[in-house]
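Each remark here refers to the structure printed beneath this line.
The values are calculated or read from the model by the stated rules, or taken from the named source; none is laboratory data. This one's a predicted model, so the numbers in the text were calculated from it and none came from an experiment. Neighbour counts are summed over all protein chains in view; Cβ atoms, including those assigned to glycine, are modelled from backbone coordinates with ideal geometry.
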């Protein structure tokens, strides 16, 4: 039987055997850029900070709850590029933001 539903593959991350179709979906999800709560992020989304962050070189602190509009994804899955009131080239780690 060569039906893809009957094929199982070993997932080295979880250490479990699973159907090939589930494995493909899981790999796609792992490759997505996600916020601190696991919600997928995309270019143009708005995010909220979940922690006070000191901005190096700008001499200011972005407070928890600050809304950042129109984010851009970068090559690094753990970072997003954005702007906020005069701070150009601001790069935030996805672990400190939540999708609005």
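Taken together, the residues in the range 80-99 that are touching a strand residue (DSSP E or B) at 6+ places or on another chain (Cβ under 8 Å) and farther than 14 Å from residue 32 by Cβ amount to 13.
For residues that are assigned to a loop (DSSP other than H, G, I, E, B), over 8 Å from the mean Cα position of the chain (by Cα) and exposed (fewer than 15 other Cβ atoms within 10 Å of the Cβ), scanning just the range 25-48, find the one that is modelled with the lowest pLDDT. I'd like the intermediate steps shown before the answer.
At the first step, the residues of the range 25-48 found to be assigned to a loop (DSSP other than H, G, I, E, B) are 31-33, 35-39, 41-46.
Going one step further and asking which of them are over 8 Å from the mean Cα position of the chain (by Cα), we end up with 31, 37, 42-46.
Subset that is exposed (fewer than 15 other Cβ atoms within 10 Å of the Cβ): 31, 37, 42-44, 46.
Numbers: 31: 73, 37: 91, 42: 91, 43: 92, 44: 94, 46: 96.
Among residues in the range 25-48 that are assigned to a loop (DSSP other than H, G, I, E, B), over 8 Å from the mean Cα position of the chain (by Cα) and exposed (fewer than 15 other Cβ atoms within 10 Å of the Cβ), the one modelled with the lowest pLDDT is 31.
Among the residues examined, residue 38 qualifies as on the phi > 0 side of the Ramachandran plot and not assigned by TED's automatic domain parsing to the domain that holds residue 79.
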